[in-house]
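Notes for the one structure printed next.
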Amino acid sequence: MTDLRIHTHTAAEAGIFANSYLLESGEGVVLVDANLLVSDAKALAARLAALRKPLLAAFVTHAHPDHFNGLPYVAGEQVPVYAAKAVAETIAEIAVPKREQWRPMYGDEWPDAYRVPEHPLAPGETVEVAGLRIEVHALGAAESHADSYLLVHAGARRAAFIGDVAFDGTHSYTADGHTGAWLEVLDRLAGELDGVRLYPGHGAPHDTGLLAGQRRYLLMYREAVRRISGGADHLTEAQKQELTGVMTRFLPGAPLEWLVGLGADAVAAELAARPGDG
């Protein structure tokens, strides 16, 4: 039986509390996601070096910079990087526009270079590395424009690395405007991953109750946007503040409340385009 140790590296608030995972076996290490900012990626690289085992492969769960930005600082050119085909293609499309959007805010903490996973995988395709069998399951658009999860088999043990399909203890990013599809993905995974330990992109590991919590959050968010917008495809600044108040009362004490207003217009437009979509 393969001995698997899962090391979680969590960024600070500036890095949106994003998780990267180091999967350590007797043969080496596999990286899942790579943080957002230069300092977090360098800290992740130092933590990898402390394991004193080779990095044999890296995987990216979905196409958001807080999960792929740090790759050049952690995975050398000789290390293969895998992702679902749609995830790799979307990273290639958005990496430069995201840097242009966010570098004025983050400055030198935003990486100059980026890496597109050069090993795109078909849905359900399997990679065997470090004594692990890793299945890549494409999900389509959900939290991002291209999501997936990794089902890792270590002997009889299974673990699922779900990216941002579900957040634990923080407000959620909704600005890609796919909340309807996201709800469908959550319903699918509740059965598909029953009995499997889930490792999210933000927060602590959980069972599939994590998916149910995310579903409740999205239903509340969509209903609040629908009510506050009155069916319009965008919200005023005052309405975004009202929405933030609603969601902070729904999830009291949760960090990243600025994400609530950030996604408001995208979700309002999504709902306005499909007024009968519950």
Some residue of segment 123-132 being of a type in the set (A, V, I, L, M) and more than 26 Å from ALA156 (Cβ to Cβ): no
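Can you tell me which residue in segment 167-219 is surrounded by the fewest Cβ atoms within 10 Å (Cβ to Cβ), limited to those that are assigned to a helix (DSSP H, G or I) and hydroxyl-bearing (Ser, Thr, Tyr)?
Residue satisfying both the conditions and the ranking: TYR217.
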Residue within segment 12-25 that is in contact with a Phe, Trp or Tyr (Cβ under 7 Å, 6 or more places away or on another chain), of a type in the set (Gly, Ala, Ser) and touching a residue at least 24 places away in the same chain (Cβ under 8 Å) present: no
Enumeration of residues in segment 149-189 that are in the same structural domain as HIS137 (by TED's automatic domain parsing) and farther than 26 Å from GLU257 by Cα: LEU150, LEU151, VAL152, HIS153, ALA154, GLY155, ALA156, ARG157, ARG158, ALA159, ALA160
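When you look at HIS178, is it out of contact with any strand residue (DSSP E or B) (no Cβ under 6 Å at 6 or more places or on another chain), at pLDDT 95 or above and within 15 Å of ALA86 (Cβ to Cβ), yes or no? Break it down stepwise before answering.
Values: out of contact with any strand residue (DSSP E or B) (no Cβ under 6 Å at 6 or more places or on another chain): yes; at pLDDT 95 or above: yes; within 15 Å of ALA86 (Cβ to Cβ): yes.
So HIS178 fits the description; yes.
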Number of positions in segment 84-117 that are buried (at least 18 other Cβ atoms within 10 Å of the Cβ) and in contact with a helix residue (DSSP H, G or I) (Cβ under 7 Å, 6 or more places away or on another chain): 8
Whichever residue in segment 133-161 is assigned to a strand (DSSP E or B) and of a type in the set (Gly, Ala, Ser) and, among such residues, is surrounded by the most Cβ atoms within 10 Å (Cβ to Cβ): SER148
Residue count, segment 46-66 (criterion: in contact with a helix residue (DSSP H, G or I) (Cβ under 9 Å, 6 or more places away or on another chain) and part of a helix (DSSP H, G or I)): 3
Selection status of GLU77, without any contact (Cβ under 8 Å) to a residue 24 or more places away in the chain, surrounded by fewer than 19 Cβ atoms within 10 Å (Cβ to Cβ) and in a loop (DSSP other than H, G, I, E, B): yes
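Quick one: in segment 195-223, of everything that is within 16 Å of TRP182 (Cβ to Cβ) and basic (Lys, Arg), which residue is nearest to the chain's Cα centre (by Cα)? Lay out the reasoning, then the answer.
Here is the first cut: in segment 195-223, the residues within 16 Å of TRP182 (Cβ to Cβ) are 198, 200-202, 208, 210-223.
Among the residues that remain, those that are also basic (Lys, Arg) are: 215-216, 222.
Details: ARG215: 16, ARG216: 18, ARG222: 20 Å.
Filtering segment 195-223 for residues that are within 16 Å of TRP182 (Cβ to Cβ) and basic (Lys, Arg), the one nearest to the chain's Cα centre (by Cα) comes out as ARG215.
The values are calculated or read from the model by the stated rules, or taken from the named source; none is laboratory data. Because the structure is a prediction, the values reported are computed rather than measured. Note: ideal-geometry Cβ built from the backbone for every residue, glycine included; neighbour counts use all protein chains shown.
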